[in-house]
1. Under the rule a/c < 1.5 gives rounded, and otherwise a/b versus b/c splits prolate from oblate, where does segment 146-279 land using the Cα gyration tensor?
2. With a 1.4 Å probe and all protein chains left in place, how much of the accessible area of the chain comes from carbon and sulfur atoms, in whole percent?
3. Need one value: the accessible area of Thr251 in square angstrom, 1.4 angstrom probe, rounded to the nearest 10.
4. Stretched out fully, how many nm does the piece from Ser298 to Gln282 gain, at 0.36 nm a residue minus the Cα gap?
5. Just for the chain, what percent of DSSP beta bridges are antiparallel, to the closest 5?
6. Kindly provide the GluC sites (Glu not before Pro) of segment 16-101 that DSSP labels as loop, not H, G, I, E or B, and whose Cβ sees at most 12 other Cβ atoms within 10 Å.
7. Counting DSSP beta bridges with both partners in segment 77-140, what percentage is antiparallel, nearest 5?
8. Hey, what D do you get for segment 209-318 in µm²/s if you plug the Kirkwood alpha-carbon radius into Stokes-Einstein at 10 °C and 1.306 mPa s?
Amino acid sequence: MDWPPRLPDRARSAAVLVSVGTCHAEGLDPLPQAHAAVDELADVLAGAEGPLDWDRVIRISDPQSPGEVLGPLAAAAARSEDLLLFYYAGHGVLDAGGRLHFALPGTEEQRAASTGLAASAVLELLAGPESRALHRLAWLDCCFAGRALDLPAAGDVNLLTAADRTRKALAPPAARTTSFAAELVGLLRDGVPDGPPHLDLPLIHRRIEVALGRVPDDMPNRRRTLAPNPCHRVTHTSADLALTRNAGYGTARSRSGLLARSRFAVQVAEADRPGRAAQAVQLFTAILRDAEQALGPSDPDTERVRQALLWARHRLAG
């Protein structure tokens, strides 16, 4: 049987969304996409189908000190008994020991430990005894974010990172938001046509990992840039937590659903991960079967799927 999802209690949940787009120190470029990422994420989290009420979403823009983040986060942790979500969009910097810090406007890369916000401080607050939340989530949209997985406090926090331990997160200069936020917002807003009625954490994590498996065409120095390889880990019973209703549920065989499934299959095929090409062939095979039945074998969109299947097979072969 299908395991029933558990939806957050809006009145007992909260989110703290932090963006740092202003950088004064040499070596860290301005990142205006971070502010747009927080705005768009807040809109979807507090929308009609989102898990939170507007007054439970705290946005912090360009905090000047760690306390400007940790204070509101501590207050949210003390009053949230169900879901507590922390999101950071900005630069990730490493101290001399390789520990992750979130950049603030005045952070200097060579003095990360004394001028940045330690990831350990955030996770310790999320997971500490003062935190009353049943589900603690941290979405880290920064370079080297996977290093957070190695921190002791991370064991009690559900983590989703925009990049692994050694790679950089992506924010194409011409894009409105970061790549991570764009994919996350699109998933929460549009859903998964061939998915379950609700979007649980493992599904969200898996889709983001696939979506960020390649470097966008408009990324500078694309050929020398590595795909960020997002990391994720779900703890305890939070695997049952569904953030929102799946907006795409029931549309798998509609024209829009078939095209959305095809776009995801393309992402799977292009992902820089072993075995993805074979998965893409399986996905396109199922999509083509549904398209032939729902749209007809000679429909133009059916033919597009057929050509995409041939393309995926060619990638698999060589």
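1. oblate
2. C and S atoms contribute 51 percent here.
3. My reading of the accessible area for Thr251 is about 40 Å².
4. My answer for the length gained is 3.6 nm.
5. The antiparallel proportion sits near 30 percent.
6. When the GluC sites (Glu not before Pro) of segment 16-101 are filtered for loop state and at most 12 Cβ neighbours within 10 Å, Glu26 remain.
7. 45
8. Here the translational diffusion coefficient equals 101 µm²/s.
The values are calculated or read from the model by the stated rules, or taken from the named source; none is laboratory data. Because the structure is a prediction, the values reported are computed rather than measured. Heads up, the Cβs are rebuilt from the backbone with ideal geometry, glycines too, and the neighbour counts pull from every protein chain shown. Each accessible area value is taken on the protein alone, full model and side chains, heavy atoms only, with ligands, DNA and RNA left out. Shrake-Rupley method; radii C 1.70, N 1.55, O 1.52, S 1.80 Å.
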